[in-house]
Amino acid sequence: MNDQIREIEIHIEQAKKDVEYGNTLDRLRKNKDFIEIVEEGFFRNEAERVCALKASPHIQGDGEQAQIDNIIISIGGFREYLRTINQLRSMALQAIADDEQARDEILLEELGVTEV
């Protein structure tokens, strides 16, 4: 196997791991406990709670406001992390298809086949 094909195979294997990671997230998102704790509890209820605190006249100190800001940022950051996993899976699926086609073309060239 030539170096180019070896490199493509390594890339395909990594992309398959990204796809499986995305599939794992899909399974997790269907779990009722995940929905209750993360989707409803963290992304909805906690976000609403800290937004209300942000505007509360009783919690206007710089330290308190900074702590609230950090919680808001963490909620957004975690949600973005989950979106990134899905994006990576989509890109990996396309990369697998592209890499498999490139690998097949190289193999056909090595065999001297010009048309399929």
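Note on the range 17-50 and the range 52-116: Cα centroid distance 15 Å, given to the nearest whole angstrom.
To the nearest µm²/s, what D does Stokes-Einstein give for the range 62-116 at 25 °C and 0.890 mPa s, using the Kirkwood radius over alpha carbon pairs as Rh? In µm²/s, the coefficient is 164. Under 16 Å from the 7 Å Cα→Cβ point of Ile71, by amide nitrogen: which residues of the range 12-42? Under 16 Å, as judged by backbone N against the label point of Ile71, lie 38, 40-42 of the range 12-42. Along the axis of the charge dipole computed for the range 4-79 (Cβ charges of +1 for Lys and Arg, -1 for Asp and Glu, origin at the Cα centre), the listed residues Gly61, Val19, Asn45 are led at the positive end by Val19.
Springs between Cα atoms under 10 Å define the GNM used for the chain, and in it the highest mean-square fluctuation of Gly41, Gly76, Gly63 occurs at Gly63.
Judged by the ratio a/c of the largest to the smallest principal axis of the C-alpha gyration tensor, the range 12-75 counts as oblate, that ratio being 1.5 or greater while a/b is no larger than b/c. Placing +1 on the Cβ of every Lys and Arg and -1 on the Cβ of every Asp and Glu, with nothing else charged, gives the range 1-112 a dipole about its Cα centre of roughly 740 debye. Comparing Asp62, Asp26, Asp99 in a Gaussian network model of the chain (Cα springs below 10 Å), the most mobile by mean-square fluctuation is Asp62. Only one of the values (1) 1.72; (2) 0.96; (3) 1.03 was calculated from this structure for Cα Rg over 2.2 N^0.38 Å; name its label. Answer label, from the structure shown: (1). Of Leu82, Leu25, Leu53, the residue with the greatest mean-square motion in the GNM of the chain, using alpha carbon springs below 10 Å, is Leu53.
Every number here is computed from the coordinates shown, using simple stated rules; none is lab data. Here the structure is a predicted model, which means the values were calculated and not measured. Because the Cβ atoms are built from the backbone with ideal geometry, glycine has one as well, and the counts that use them run over all protein chains shown.
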